[in-house]
Amino acid sequence: MRKFVTPIGNEGMYILDTASWRIVRPVMNKEKCVECGICLTYCPVNSIEFKNDKYIVNYDFCKGCGICANECPKGAIDMVEEGDDK
Ligand code: SF4
Ligand code: SF4
């Protein structure tokens, strides 16, 4: 699991559990994805990775903001309510 640290206040460095903010999650449609990498570029918490020749979401830190889905030129990312895809 990757660690992201952000300076807050005077107490030092903390890891922000940005995944706990999520009420919807991005789900990629591999049939539509053309592997352009735009989603990876726009994700503000660097939660999209290129692994084993495909783009995947790392849900450890994805905060469900939906920017990736908004920027995907192929509409290959759906925002799904947490729990609906299980
Ligand atoms: S922006 Fe869309 S098409 Fe491009 S890599 Fe991401 S999911 Fe695939
Ligand atoms: S929903 Fe937001 S935080 Fe999650 S992968 Fe997409 S851009 Fe990144």
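Solvent-accessible area per residue for the stretch 5-81 at a 1.4 Å probe radius, Å²?
Computed with neighbouring chains in place, this is 64 Å² per residue.
If I model a spin label as a point 7 Å beyond the Cα along the Cα-Cβ vector, how far apart are those points for Ile56 and Glu82 in nm?
Roughly 2.1 nm, to one decimal.
Using a cut-off of 13 Å between beta-carbons, work out the net charge of the residues near Gly37 (Lys and Arg +1, Asp and Glu -1, Gly37 not included).
Counting the neighbours of Gly37, the net charge comes to -1.
The values are calculated or read from the model by the stated rules, or taken from the named source; none is laboratory data. These numbers were taken from a predicted model, which means no experiment stands behind them. Cβ sites come from the backbone with ideal geometry, for glycine too, and all protein chains shown count toward neighbours. Side chains included, ligands, DNA and RNA excluded: accessible areas come from the protein's heavy atoms. Shrake-Rupley method; radii C 1.70, N 1.55, O 1.52, S 1.80 Å.
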